[in-house]
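Colleague: To start, I am sharing the structure in question, which I have written as structure tokens.
The values are calculated or read from the model by the stated rules, or taken from the named source; none is laboratory data. These figures come from a predicted structure and were not determined experimentally. Every residue, glycine among them, receives a Cβ derived from its backbone with ideal geometry; neighbour counts consider all protein chains shown.
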Amino acid sequence: MIARPGAARTAPGRSFFVNRGSGMLPRMARMISAPALGAARALFLLDLAVTVLAWPVALALLSDPPRADAWQGVLALLLYPAAYLVGLYSLGLYRRDALNEPRQALGRVPVAAALAALGASAVLALLTEGSSVALFAVATIGLGVAGCIARLALAALRRLGLFRRRLLIVGAGQRAWDLVWLLRREARTLAFDIALLHEPAMGEFDARLAEDPALRIFPAGTDFLDAARAFGADQIIVASDERRGLPMRALLACRTAGFPVSEYLRSLEREIGRIDIKRLELGFLVYDEGFGASLLDHALKRALDIVASLLLLALSSPFLIAATLAVKLQDGGPALYRQARVTRDGRVFRIMKLRTMRVDAERFGATWAAERDPRITRVGHFLRRTRLDELPQLFNVLRGDMSIVGPRPERPEFTQELARKLPLYEERHRMRAGLTGWAQVNYPYGASLDDARSKLSYDLYYVKNFGVLFDLLILMQTLRVVLFPGNAVR
């Protein structure tokens with residue numbers, strides 16, 4: 001049975017109202033569940049608190065612990081927790097999928113602890129010659145236990161209903177349906193309480209929203225400010241299909257009363273980390289912030305490319321040599337594979353990779369890679385899963401053809417085809433092609449037009465919000481893709 005759009009309702013057995021009284025408990029509940037303290041931020045704070053408390057205890061268990069008043073002791077006290085928090089982020093343990101699948105996350109916590117302990121021990125040994133096997137073991141076990149405790153604590157807090165956001169969506173048409181669907185699937189915030197406020201002048205009411213028992217729908221004619229206060233909205237999102245029917249004075253009253261008001265595309269970009277191409281309006285890209293990288297930003301990015309590529313080549317040279325020999329010995333063909341790709345401003349360059357397919361793989365012309373592609377060799381499967389075939393691209397980075405971080409380099413044949421079918425596809429060429437990128441760490445490999453459209457939404461977000469700090473965050477997240485690959489088709 002479809003509920004009447006004009007009828008206010010809530011999900012059976014649930015109340016969408018929060019006591020907005022002045023008591024201590026209501027104030028604490030609002031502070032804890034505020035948008036600024038989402039589940040991911042709360043988990044980070046829990047990790048920080050538990051680690052700060054647990055790490056000194058773990059050090060005290062050593063038979064010969066580092067002295068707290070010595071340089072070695074201070075470095076050990078600070079270095080291991082810092083490396084551990086970076087490791088948790090790098091393995092994606094603050095991402096939505098990890099927060100939604102705590103069992104899988106608990107399995108990755110020991111890996112993060114071991115990698116952090118290994119890196120911190122290496123730095124400590126290099127600087128002070130004070131590292132030991134016992135310190136490494138204590139760090140791996142102690143930090144791993146601390147991470148598990150933090151995640152179990154978060155699960156308990158979530159069962160109490162904390163970290164939910166309350167959104168009042170203005171409009172209840174196709175655009176509002178898309179917003180609700182995407183928020184539930186991809187938003188960084190795990191849980192929302194959503195209410196809808198719709199007027200006939202805003203367009204047709206989407207019946208799918210009326211059928212959703214988890215949504216509260218205010219009657220037509222409800223005052224916007226009264227609805228925001230009654231619902232206790234953390235944010236108001238304008239997502240009406242017909243803009244000419246928007247009561248701007250009512251929205252202004254909400255804004256001046258302290259309720260944040262934002263537009264559909266801007267809110268969605270912030271929540272899901274990509275640009276919704278399906279309903280993109282060029283005016284949004286024209287007037288919104290972004291695309292403002294300076295010469296200094298590009299200079300810093302180039303410096304990061306040179307330093308990172310040289311460091312990675314130095315660390316990976318033994319693996320690169322071994323992989324090159326394996327490709328050569330498998331069938332006697334060339335180890336390196338050169339292919340035309342497109343980079344910044346549409347310039348074509350020759351990318352270098354370790355060959356993972358048969359020598360005659362493209363005797364019939366350029367072809368999209370497919371899952372379980374029969375052209376991939378046995379050695380090639382391993383190289384793709386481990387990303388070792390990408391290492392020669394570091395030389396392309398040093399030459400300036402590519403960057404460490406950027407949109408994936410595509411072949412000219414595919415680029416021309418995609419540019420004809422996907423609006424704004426050429427905008428991804430405002431940046432150099434990258435060895436890794438925002439699309440690569442957020443979307444699995446794919447070989448279809450729909451996959452290209454989804455990856456373009458991430459590429460446009462990266463180009464719009466480019467910064468060196470963003471590059472560093474993407475680099476850290478690349479470790480998760482390397483250690484836990486989902487699909488190695490390319």
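Colleague: Report the residue count in the range 296-324 for those that are exposed (fewer than 12 other Cβ atoms within 10 Å of the Cβ) and more than 26 Å from the chain's Cα centre (by Cα).
Modeller: 6
Colleague: Residue check: is TYR461 among the hydroxyl-bearing types (Ser, Thr, Tyr) and without any contact (Cβ under 8 Å) to a residue 40 or more places away in the chain?
Modeller: No; evaluated as a whole, the condition is false for this residue.
The rows are residues; the columns are (1) at pLDDT 85 or above; (2) part of a helix (DSSP H, G or I); (3) surrounded by 16 or more Cβ atoms within 10 Å (Cβ to Cβ).
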| residue | (1), (2), (3) |
| --- | --- |
| VAL74 | no, yes, no |
| VAL111 | yes, yes, yes |
| ALA116 | yes, yes, yes |
| SER131 | no, no, yes |
| GLY142 | yes, yes, yes |
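Colleague: Could you count how many residues in the range 325-379 are in a loop (DSSP other than H, G, I, E, B), surrounded by fewer than 17 Cβ atoms within 10 Å (Cβ to Cβ), basic (Lys, Arg) and at pLDDT 85 or above?
Modeller: 1
Colleague: Moving on to the next point. If a residue has to be at pLDDT 90 or above, closer than 18 Å to GLY173 by Cβ and under 30 Å from the mean Cα position of the chain (by Cα) to count, how many in the range 207-260 make the cut?
Modeller: 10
Colleague: If we scan the range 438-458, do we find a residue that is among the basic types (Lys, Arg), closer than 25 Å to ALA303 by Cβ and either in contact with a helix residue (DSSP H, G or I) (Cβ under 8 Å, 6 or more places away or on another chain) or modelled with pLDDT under 90 (or both)?
Modeller: No, the conditions are met nowhere in the range 438-458.
Colleague: If you don't mind, another one. From the list LEU168, LEU157, LEU179, LEU85, which residue is under 29 Å from ASP212 (Cβ atoms) and either free of Cβ contacts under 8 Å to residues at least 12 places away in the same chain or under 20 Å from the mean Cα position of the chain (by Cα) (or both)?
Modeller: LEU179 is the lone residue from the list that is under 29 Å from ASP212 (Cβ atoms) and either free of Cβ contacts under 8 Å to residues at least 12 places away in the same chain or under 20 Å from the mean Cα position of the chain (by Cα) (or both).
Colleague: Of everything in the range 89-103, what is in a helix (DSSP H, G or I) and not basic (Lys, Arg)? Give them in sequence order.
Modeller: Narrowing the range 89-103 to residues in a helix (DSSP H, G or I): 89-90, 96-100, 102-103.
TYR89, SER90, ASP97, ALA98, LEU99, ASN100, PRO102 - these are the residues of the range 89-103 that are in a helix (DSSP H, G or I) and not basic (Lys, Arg).
Colleague: I'd like the full set of residues that are surrounded by 16 or more Cβ atoms within 10 Å (Cβ to Cβ), of a type in the set (Gly, Ala, Ser) and not in a helix (DSSP H, G or I), limited to the range 144-178.
Modeller: If the condition is that a residue be surrounded by 16 or more Cβ atoms within 10 Å (Cβ to Cβ), of a type in the set (Gly, Ala, Ser) and not in a helix (DSSP H, G or I), then GLY171, ALA172, GLY173 are the ones that fit.
Colleague: Would the range 119-128 turn up any residue that is modelled with pLDDT under 90, more than 30 Å from the chain's Cα centre (by Cα) and more than 30 Å from PHE484 (Cα to Cα)?
Modeller: Checked the range 119-128: at least one residue is modelled with pLDDT under 90, more than 30 Å from the chain's Cα centre (by Cα) and more than 30 Å from PHE484 (Cα to Cα).
Colleague: Name the residue, out of PRO423, PRO407, that is over 30 Å from ARG378 (Cβ atoms) and surrounded by fewer than 22 Cβ atoms within 10 Å (Cβ to Cβ).
Modeller: Testing whether each residue is over 30 Å from ARG378 (Cβ atoms) and surrounded by fewer than 22 Cβ atoms within 10 Å (Cβ to Cβ) leaves just PRO423.
Colleague: Can you tell me how many residues within the range 192-222 are small (Gly, Ala, Ser) and more than 15 Å from LEU179 (Cβ to Cβ)?
Modeller: 5
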